[in-house]
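What follows is one structure encoded as structure tokens, with my remarks underneath.
Only the coordinates and a few stated rules stand behind these numbers; no lab work does. Model, not experiment: these values are computed from the prediction. No Cβ is skipped: glycine too gets one built from the backbone with ideal geometry, and neighbour counts run over all protein chains shown.
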């Protein structure tokens, strides 16, 4: 044992430490304390000091999302299972509509956070034509770098000049077969409730399928456009997306009211034999207008609400569906 003490430089076994050894130990402990309490004043845990962060903390480039805090009075929700379908949602908008994209990103990210199984089933993308403004070019580039959720079509910006055709054709080229079962064209003033949407589509056919709010909904003769799905948001099965991209019917007749024209392509070609009408769960915002077959009040089993043209309508809609129910309490904000 004495030889071990000598090898360690401590003198004979049982001998006291020398003054130089004590000084080194005191200086070392002082340096450690200074580093932890001064350099890292907000974290007194030695574990986090040595590991480089708080236990369980995300890496520096992780996206921090609000955490839903459950309490004893909040019943646990049954988790939503993966619906068994993959859906690409293309929200048609314009380059300069940054505020609307920010709102929609938040709305859909929170839905996917609350129902994680849907994150592997639903992809949301923002779709517009060529960016021509130097200002938009810089700001949209930042969005792409940050979020990676923008598709820029090779077209001049338009609503009924072929943009929807270009979207379906681009999707067919950009994504491999099997990546998606359905592709949805949606407006940026439409609120989609993703769990209800995915559950509805899970029960639909995977081929030759056309889903949406069927128009005309009052059974009027609407020649030459019977029937079609409202442009608020409609889905084509992947085989129909490929057909649109390759067909001369759609390529030569792309200019016109986009939702009517999509229905016309399918009608002329005898396509979309599996059609699913989302009424009454898909509808336009009612407000002070009279109700009819496509405009109605909110209902709990809603799939989509359209015509949310301003912040007030969005706030009313999101409040009805309790979109802020998971807001954690904090002394840093006081909301009515």
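Please compute the contact order of the range 87-320 in relative form: average sequence separation of alpha-carbon pairs under 8 Å and at least six residues apart, divided by the residue count, as a percent.
Details: 380 pairs, mean separation 49.0, N = 234.
Relative contact order, the range 87-320: 21 percent.
Restricting to the range 87-320, what percent of DSSP beta bridges are antiparallel, rounded to 5? Numbers along the way, then the final one.
Numbers: 11 of 34 bridges.
The answer is about 30 percent antiparallel.
So what is the relative contact order of the range 214-325, in percent, for Cα pairs below 8 Å that sit 6 or more residues apart? Walk me through the numbers before you get to the answer.
Values: 103 pairs, mean separation 24.2, N = 112.
This gives 22 percent for the range 214-325.
With a 10 Å Cβ neighbour count serving as the proxy for reagent exposure, in which order, fewest first, do 298, 126 appear? List each step's numbers first, then the result.
On the way: 298 14, 126 25.
Listing 298, 126 from fewest to most nearby Cβ atoms yields 298, 126.
First check a/c for the range 155-233, with a ≥ b ≥ c the square roots of the eigenvalues of its C-alpha gyration tensor; if it is under 1.5, answer rounded, and if not, answer prolate when a/b is larger than b/c or oblate otherwise. Working shown, then result.
Working: a/c = 1.58, a/b = 1.11, b/c = 1.42.
Verdict is oblate for the range 155-233.
What does the C-alpha gyration tensor say about the overall shape of the range 87-320? Classify as rounded when a/c is under 1.5, otherwise prolate if a/b is larger than b/c, or oblate. Write down the numbers at each step before the final one.
Details: a/c = 1.34, a/b = 1.05, b/c = 1.27.
Note, shape of the range 87-320 comes out rounded.
What order do you get for 333, 285 when you list them from fewest to most C-beta neighbours inside 10 Å? Walk me through the numbers before you get to the answer.
Working: 333 7, 285 21.
By the 10 Å Cβ count, ascending: 333, 285.
Using Cβ contacts closer than 10 Å as the measure, can you line up 232, 282, 94 from fewest to most? Working shown, then result.
On the way: 232 25, 282 28, 94 16.
Least to most surrounded, the residues fall as 94, 232, 282.
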